[in-house]
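Read-outs throughout are calculated quantities, based only on the coordinates presented, and are distinct from any laboratory measurement. Owing to the predicted nature of the structure, the values given are computational and were not obtained by experimental measurement. Because the Cβ atoms are built from the backbone with ideal geometry, glycine has one as well, and the counts that use them run over all protein chains shown.
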Amino acid sequence: MGLIGSLFALAFGGGRNAIRETAEIFRKNAENAGERDLDRMAAALEQHAAEFRDRRSAFDIVMDGVNRLPRPMLALGTIGLFVSAMMEPVWFADRMQGLALVPEPLWWLMGAVVSFYFGARHQAKGQQFQREIAAALARRPVLLRDETPGLVVAEAGAEPNAALDDWRRSHAA
């Protein structure tokens, strides 16, 4: 019994399981891999959700809706002019004669106002999109190579990783 006990102590002694540890060199532990995959998926979903949270006030949302009205109104108004020309040609002709009397500098002014309105809105929306992209990238930790070949660690500003810290302490000696 002493020989068998010594063999078991050699294989399973000291609170370790040498057979399992040896097998894990060649095949990963499925339970631990499942836990890591679950953690990775939860972190990815949380990051995805954080990128699409709406941080605007109710006033901003309402004003954004109001600012979206001029383009559809211009398009529908133009179509309405064609419909009115077909249905009420005399009424339409009277209105067009009135427009013909508008001086040319006033047309230039109206063109400039409309152009600046749509140009400024386009620029503001483009800058807002760039700010959102920059904020999303700032929330994502940057990965860097450590001194250990093949090891990837998060930047200093990222959340601490207890398992990685334990591994570093155990391999520091």
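Scalar couplings 3J(HN,Hα) for the range 45-59, obtained by applying the Karplus form with A = 6.51, B = -1.76, C = 1.60 to θ = phi - 60°, are 5, 5, 5, 4, 5, 5, 6, 10, 6, 8, 9, 8, 7, 4, 4 Hz; x denotes Gly and Pro. The ranking of Leu74, Leu69 by Cβ neighbour count inside 10 Å, starting from the fewest, reads Leu69, Leu74.
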